[in-house]
Structures are given as C-alpha cells and as structure tokens.
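Written out below as structure tokens is the structure these notes cover.
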Amino acid sequence: MVKDRKLIIAGNWKMNKTVAEALDLVNGIKREVASVKEVDIVVAPPFTALESVSKALLNSNVRLGAQNMSENGPGAFTGEIAATMLKEFSVRYVILGHSERRQYQKESDELIAKKAAAAHASALKPIVCVGETLSEREGGITEKVIGTQVRGSLAGLTREQIEETIVAYEPVWAIGTGKTASSQQAQDVHAFIRKVLVEMFDDATARRVRIQYGGSVKPSNARELMGMPDVDGALVGGAALEARSFADIIRNSI
Ligand code: 13P
C-alpha cells in the first residue's frame with residue numbers, strides 16, 4: 001500500500017546485549033538491510049553499547065536510538081543521561097514512556113511530556129509510547145486510557161515538534177507475550193490516536209505524524225499490520241534481537 005508517510009521500523013533492544021553482542025547484531029542488521037531505502041530503520045541499544053553501535057553505523061542507512069533520557073539538562077542527577085550526552089553518539093531518536101518504564105519506574109504522562117520537550121530542544125526525535133493493559137481493554141476503557149496518555153504525554157508540543165515525533169501504540173498485553181493485536185485492533189486504536197492528534201493540533205498536522213505499532217511484531221505478521229492505513233511502522237522487541245528476523249520484518253513491510 002502506498003502511504004504518504006514513510007514507514008519507520010525500530011528495534012528496541014531493552015536490557016539486552018553486551019557491547020560485543022551488540023556489534024554482532026548491528027553488523028548483521030547492516031548487511032541484511034543495506035539496500036533498503038523505503039523504510040526508516042532505527043536500532044535502540046542499551047546506553048552502554050551506544051558508542052560502539054554508533055561507530056558501526058557510520059555511513060549506513062540505519063539510525064541510532066536510545067531507550068530513555070532525562071527530562072533535565074546536565075547536572076546533579078545521579079544515574080541519569082541527558083539529551084546532549086546522547087547527541088555525542090549521533091543518537092537521532094529516543095524512546096520515551098515505554099510501558100515497562102511507566103510500570104517499573106512509575107513514569108507519568110507529565111514526566112514523559114517533559115522528556116519529549118527536552119528531546120526536541122536537543123533535536124532528538126522522541127518515540128512516545130502509549131498502550132492499555134489487558135484489564136483496561138477488557139473493561140472497555142481502551143480509548144479513554146489511550147486518549148489520556150496521548151494528550152498528557154504530548155502536552156505542550158508545537159505543530160513543528162509533533163511532526164517530528166513518533167507515537168508508538170503498544171498494547172501492554174501484547175508485549176513479549178506472543179499475543180499480537182489483530183491488524184484491525186491496531187488500526188482502530190491508531191485511527192483513534194490520529195483523531196486525538198487532530199483535536200490537539202489540526203488535520204494536516206495529524207496526517208503527517210507517524211504512528212508505530214508494537215507488541216509481538218514478527219516477520220509473519222508484519223505485512224498485514226503494516227498494510228493498515230494508519231499503521232506507519234513498528235517498534236519491535238524480541239524479534240529485533242536477531243538480525244535475520246528484524247530484517248525480515250522490514251522486508252515484509254515494504
Ligand atoms: P515485543 O516485540 O518483544 O513484544 O516487545 C515490544 C516492545 O515492547 C517494543 O518496545
């Protein structure tokens with residue numbers, strides 16, 4: 001399907017890979033996807049591998065992402081990483097508000113909005129994650145939850161900034177479970193997110209924002225998911241930890 005938004009497929013490596021393993025993986029990915037021009041390709045290794053992976057990606061068609069950053073600039077914030085530090089390694093994207101951080105680090109929509117603003121201030125493109133839990137879906141409040149997260153996590157962004165922001169819809173019940181949302185379930189929520197963006201910004205702006213789906217994306221389901229009109233890419237966890245399966249997801253999406 002021809003869409004006017006370019007697909008963006010990102011691998012979220014989470015807390016996996018030593019430096020040596022990260023280099024193996026990224027070199028494999030580079031080889032596999034060297035000829036791909038139709039998709040923006042991003043890998044997000046752990047902080048400890050950013051420098052090595054950054055060097056390995058020089059002159060390639062794969063861009064670098066980080067998995068989190070501080071809402072603050074450099075200073076007395078023990079254990080945190082500032083956007084300017086990510087820029088040193090040519091990081092272009094940063095995943096913000098992943099459900100694992102919302103759950104384990106208690107990140108709020110308000111905090112995520114501050115991080116998104118800080119990312120833009122350093123010309124990093126945030127990938128802002130939203131998603132409902134199984135009990136929220138079963139309770140029939142998916143749209144209410146997603147609407148609140150989208151409005152809260154993107155609060156204060158300008159039109160120019162939202163166009164350089166990626167929204168990732170990741171239903172919590174589909175993450176790492178092997179249980180993918182059906183392509184229609186994904187499309188329904190993506191269309192809803194775009195409707196919220198129209199209300200927050202305007203129609204033309206909302207039409208330019210890319211919305212990724214994440215949650216058990218694999219080579220076998222990528223084509224159908226990416227074929228949906230409002231699905232503009234994927235945020236891949238487990239299947240991004242192996243070069244061939246990540247590359248197959250990309251190839252199957254074109
Ligand atoms: P899985 O692809 O392993 O389900 O993880 C999805 C995810 O959380 C990506 O950010």
Per-region count, the stretch 116-136, residues within 16 Å of the ligand (Cβ to nearest atom) and either crowded, with 21+ Cβ neighbours inside 10 Å or within 22 Å of Asp232 (Cβ to Cβ) (or both): 8
Here is a list of conditions, (1) more than 17 Å from the chain's Cα centre (by Cα); (2) closer than 18 Å to Ile95 by Cα, and Glu242 meets all of them except one; can you say which number that is? (2)
Return the pairs, sorted by first residue and then second, in which the second residue is away from the ligand (no atom under 15 Å from the Cβ) and among the basic types (Lys, Arg), the first residue lies in the stretch 90-112 and is in a loop (DSSP other than H, G, I, E, B) and modelled with pLDDT of 95 or more, the beta carbons are less than 9 Å apart, and the residues are 6+ apart or on different chains. Ser90/Arg63; Val91/Arg63; Arg92/Arg63; Arg92/Lys125; Gly97/Lys115; Glu107/Lys115
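Can you tell me which residues in the stretch 75-88 are open to solvent by 70 Å² or more (accessible area, probe 1.4 Å) and either touching a residue at least 40 places away in the same chain (Cβ under 8 Å) or part of a loop (DSSP other than H, G, I, E, B) (or both)?
Ala76, Phe77, Thr78, Gly79, Glu80, Glu88
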Residue list for the stretch 8-39, filter: within 16 Å of the ligand (Cβ to nearest atom), of a type outside the set (Gly, Ala, Ser) and not in a helix (DSSP H, G or I): Ile8, Ile9, Asn12, Trp13, Lys14, Met15, Asn16, Lys17
Residues that are crowded, with 20+ Cβ neighbours inside 10 Å and over 16 Å from Ile166 (Cα atoms), drawn from the stretch 101-115: Arg102, Glu107
The stretch 5-27, residues that are surrounded by fewer than 19 Cβ atoms within 10 Å (Cβ to Cβ) and among the small types (Gly, Ala, Ser): Ala20
Please specify each residue of the stretch 193-227 satisfying the condition of being open to solvent by 30 Å² or more (accessible area, probe 1.4 Å) and either in contact with a strand residue (DSSP E or B) (Cβ under 9 Å, 6 or more places away or on another chain) or on the phi > 0 side of the Ramachandran plot (or both). Arg210, Lys218
Filtered residues of the stretch 28-74 (kept if open to solvent by less than 40 Å² (accessible area, probe 1.4 Å), closer than 17 Å to Glu88 by Cα and over 16 Å from the mean Cα position of the chain (by Cα)): Ala49, Leu50, Ser52, Val53, Ser54, Ala56, Leu57, Ser70
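Quick check on Ser183: is it modelled with pLDDT of 95 or more, more than 21 Å from Val94 (Cα to Cα) and hydroxyl-bearing (Ser, Thr, Tyr)?
Details: modelled with pLDDT of 95 or more: yes; more than 21 Å from Val94 (Cα to Cα): yes; hydroxyl-bearing (Ser, Thr, Tyr): yes.
For Ser183, the condition - modelled with pLDDT of 95 or more, more than 21 Å from Val94 (Cα to Cα) and hydroxyl-bearing (Ser, Thr, Tyr) - is met.
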Of all residues being open to solvent by less than 60 Å² (accessible area, probe 1.4 Å) and over 20 Å from Ala174 (Cα atoms) in the stretch 90-100, which is farthest from the ligand (Cβ to nearest atom)? Just the residue, please. Val91
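The values are calculated or read from the model by the stated rules, or taken from the named source; none is laboratory data. Here the structure is a predicted model, which is why all the values come from computation and not from measurement. For neighbour counting, all protein chains shown are included, and Cβ atoms are generated from backbone atoms with ideal geometry for every residue, glycine included. All accessible areas refer to the heavy atoms of the entire protein, side chains included, with ligands and DNA or RNA removed. Shrake-Rupley method; radii C 1.70, N 1.55, O 1.52, S 1.80 Å.
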